[in-house]
């Protein structure tokens, strides 16, 4: 499924660059319609459907001009701005990969349609690292295994599901979403959980993928159950077609044996 996005931006140079990058990297995921003049955009929207509108915060407009069911976000010049006039904000001056993930996140939060992936799972594996107590080096072993597999060219997703564990100790990558966003989506039964997962995953400098630590240490232990985890893992295996999935698992103790 392609997300149809209308971008309204007065800076023609910026508009041309971002459109070219999206058309090169995400041509199968996003369909971009670019405008520098509001009137042209309104004329287009009256006869064409779009899923999201990105508009520069400096452009004056009336919200009633836009379709009521369309997702709206403002393009801003500075990082750290979360919303403008009650709508999500996206910083213009960051990597297009991060802008794409924010588009996915906003769309997944508000859309009722379901995005599906049909991928070959024949090469997917799960490697579980477990220990009877903390401080035994299990996290380090799991992270080292993930780095080693990524270094060999394998697709790797590292999951640290300890109550007080942190993937950010071993991996670093750009992005603003964490495990808390995933847990919220799981509990809220979001229609586009798969798309939400894609928006939250980070690419580590070593080449592997990971999810940043939740904002609250007790989120995993208190708010996620075994059913949530199974649903999450099924979506992960479908989306990322993993060759190796390093899963450091330390919750839902009563279910450990059944899983391994």
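Among the candidates 153, 208, 137, which residue alone is at pLDDT 85 or above and on the phi > 0 side of the Ramachandran plot?
Unique residue meeting the criteria: 153.
Quick check on residue 35: is it assigned by TED's automatic domain parsing to the domain that holds residue 103, farther than 22 Å from residue 175 by Cβ and buried (at least 19 other Cβ atoms within 10 Å of the Cβ)?
It is true that residue 35 is assigned by TED's automatic domain parsing to the domain that holds residue 103, farther than 22 Å from residue 175 by Cβ and buried (at least 19 other Cβ atoms within 10 Å of the Cβ).
For the range 169-180, how many residues are under 13 Å from the mean Cα position of the chain (by Cα), farther than 15 Å from residue 97 by Cβ and modelled with pLDDT of 85 or more?
Count: 1.
Can you say whether residue 50 is touching a strand residue (DSSP E or B) at 6+ places or on another chain (Cβ under 8 Å), closer than 19 Å to residue 177 by Cβ and in contact (Cβ under 8 Å) with a residue 12 or more places away in the chain, as far as the supplied structure shows?
Answer is no for this residue.
The values are calculated or read from the model by the stated rules, or taken from the named source; none is laboratory data. Quantities reported herein were computed from a predicted structural model and do not represent experimental measurements. Positions of Cβ are generated from backbone atoms using ideal geometry, with glycine treated the same way; all protein chains shown enter the neighbour counts.
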